[in-house]
Amino acid sequence: MIPPVAAAPVTNVLIVDDTPANLEVLGGMLKERGYRVRQATSGELALRTAANTPPDLILLDIMMPGLDGYETCRRLKADDALRDIPVIFISALSETIDKVRAFSVGGVDYVAKPFQFEEVEARVATHLALRRQQRLLQASYEELRRLEDLRDNLVHMIVHDMRTPLTSIYGFLQTVIALEGERLSTDAREFIGRATVSAESLIEMVSSLLDVSKMEAGQLTLAVEECRLHEVIGDVVSRAEGVREGRELRVDVPADQVTVTADPALLARVVQNLLGNALKFTPDDGRITVGVHPGRHRVRVTVSDTGPGIPDAFRARIFEKFGQVDARQHRQKHSTGLGLTFCKLAVEAHGGAIGVDSEVGVGSTFWFELPLAGPDGGMMPPAAE
């Protein structure tokens, strides 16, 4: 004989069977093992009993007048408050149990009449243990989400407070150049220029973090209008001239102006992030090309470089939040941070797509496509988990 399995003293089991003798036998055996037992003689009564005080587990007879076990289980699983309760079906050996149907409506197991109580107790104890583990797992998940929300809120608050002093630093540096530029030495102007570029980069990082948070929450509204891609790209490229150093920077656009309905500020930042990423990983004697390739209904913008390239295994991660690609053969880390995540969310908010084509040792081409007519709506949907 299998030794009895100890049950938690607070465990609540609901037995549903239209035969009082079965309820008495099975209920009595479970009570002897310390289970708290409630009984119902029909599917309708079982639903009301479970709704009043949800049990930890249900033993449910299949063949009952009125609502049979299958339909009772289906209705239990349709109720958000009851759907997670494990249901073990009860069937007489003389009956043909439809196992596929039993599991399809939400049952987790079944036992046969006449009862072998050791088997019943073992199955009940097993599914109660699984249910307790599921609850612990859910509680751990909820606590993790709470801590993540707390962390995100703290980071958001700190980053938001950083933007004002960074903007002040950037403004003061520009003021120094404007007022004292002619009296400064060549080295001093160069140092201040580099500091200005660094301050501008920090402001962009802060803005990206704040905007990514808004995008993920669906709280960023697009300010769409007709944008001339030539002008948007030209402005971004002209601002990059001061940091391209020895790299060749080309712009390849068609002769005819390409107009797209989009948020011009977000569009410019997408191009700026992709161009900045290319500048970061392209050697001083390399080449970067920004191109525009219009189609009938969509336009593709590309930023190609002659950098080290990205291994195939890492391309799927390149747009992940805080993703990082390690190119060991070049002793470089392609730290995507939030820039590429921002690009992905901003492009998808416009109804577009983004990706990268790359060959190790040759270079990479980051691209994004946008519908010429613009996104369907101005409000960004929340990001998927």
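Points to keep in mind about this one:
- Residues of region 210-248 that are open to solvent by less than 30 Å² (accessible area, probe 1.4 Å) and over 25 Å from Leu372 (Cβ atoms): Leu210, Val212, Ala240, Arg247.
- Test: residue in region 112-120 that is β-branched (Val, Ile, Thr) and within 24 Å of Lys31 (Cα to Cα): yes
- Total residues in region 120-141, condition over 30 Å from the mean Cα position of the chain (by Cα) and free of Cβ contacts under 8 Å to residues at least 40 places away in the same chain: 3
- Considering region 280-310, the residues that are crowded, with 16+ Cβ neighbours inside 10 Å and not in a strand (DSSP E or B) include one that is farthest from the chain's Cα centre (by Cα), namely Gly286.
- Residue match in region 35-47 (condition: closer than 22 Å to Leu128 by Cβ, surrounded by fewer than 20 Cβ atoms within 10 Å (Cβ to Cβ) and free of Cβ contacts under 8 Å to residues at least 12 places away in the same chain): no
- Among the numbered conditions (1) surrounded by 18 or more Cβ atoms within 10 Å (Cβ to Cβ); (2) under 18 Å from the mean Cα position of the chain (by Cα); (3) modelled with pLDDT of 90 or more, the only one that Ser364 does not meet is (2).
- On inspection, Thr336 does not qualify as of a type outside the set (Phe, Trp, Tyr), modelled with pLDDT of 85 or more and open to solvent by less than 50 Å² (accessible area, probe 1.4 Å).
- Taking the numbered list (1) touching a residue at least 24 places away in the same chain (Cβ under 8 Å); (2) within 25 Å of Phe319 (Cβ to Cβ) in turn, Ile158 passes all entries but (1).
- When Asn277 is tested against (1) at pLDDT below 85; (2) touching a strand residue (DSSP E or B) at 6+ places or on another chain (Cβ under 9 Å), only condition (1) is not met.
- Top-ranked residue in region 249-279 [being open to solvent by 40 Å² or more (accessible area, probe 1.4 Å) and small (Gly, Ala, Ser); ranked as nearest to Arg300 (Cα to Cα)]: Ala255
- Residue among Arg123, Arg145 that alone is open to solvent by less than 80 Å² (accessible area, probe 1.4 Å), out of contact with any strand residue (DSSP E or B) (no Cβ under 7 Å at 6 or more places or on another chain) and under 30 Å from Asp80 (Cβ atoms): Arg145
- Per the listing Thr72, Thr126, Thr96, the residue uniquely modelled with pLDDT under 90, hydroxyl-bearing (Ser, Thr, Tyr) and either in a loop (DSSP other than H, G, I, E, B) or closer than 16 Å to Val13 by Cβ (or both) is Thr96.
- A count restricted to region 131-140 and to residues that are within 22 Å of Lys31 (Cβ to Cβ) and open to solvent by 50 Å² or more (accessible area, probe 1.4 Å) stands at 1.
- From Gly193, Gly181, residue being assigned to a helix (DSSP H, G or I), in contact with a helix residue (DSSP H, G or I) (Cβ under 9 Å, 6 or more places away or on another chain) and either without any contact (Cβ under 8 Å) to a residue 12 or more places away in the chain or open to solvent by 100 Å² or more (accessible area, probe 1.4 Å) (or both): Gly181
- The set of residues in region 105-116 being outside any strand (DSSP E or B) and either modelled with pLDDT under 85 or open to solvent by 90 Å² or more (accessible area, probe 1.4 Å) (or both) consists of Pro114, Phe115, Gln116.
- Assessment of region 148-170 against the conditions (out of contact with any helix residue (DSSP H, G or I) (no Cβ under 7 Å at 6 or more places or on another chain), charged (D, E, K, R), open to solvent by 40 Å² or more (accessible area, probe 1.4 Å) and modelled with pLDDT of 85 or more) yields no matching residue.
The values are calculated or read from the model by the stated rules, or taken from the named source; none is laboratory data. Nothing here was measured: the structure is a model prediction, and the numbers come from that model. Cβ coordinates were reconstructed from backbone atoms using ideal geometry, including for glycine residues, and neighbour counts include every protein chain displayed. Heavy atoms of the whole protein, side chains included, go into the accessibility calculation; ligands, DNA and RNA do not. Shrake-Rupley method; radii C 1.70, N 1.55, O 1.52, S 1.80 Å.
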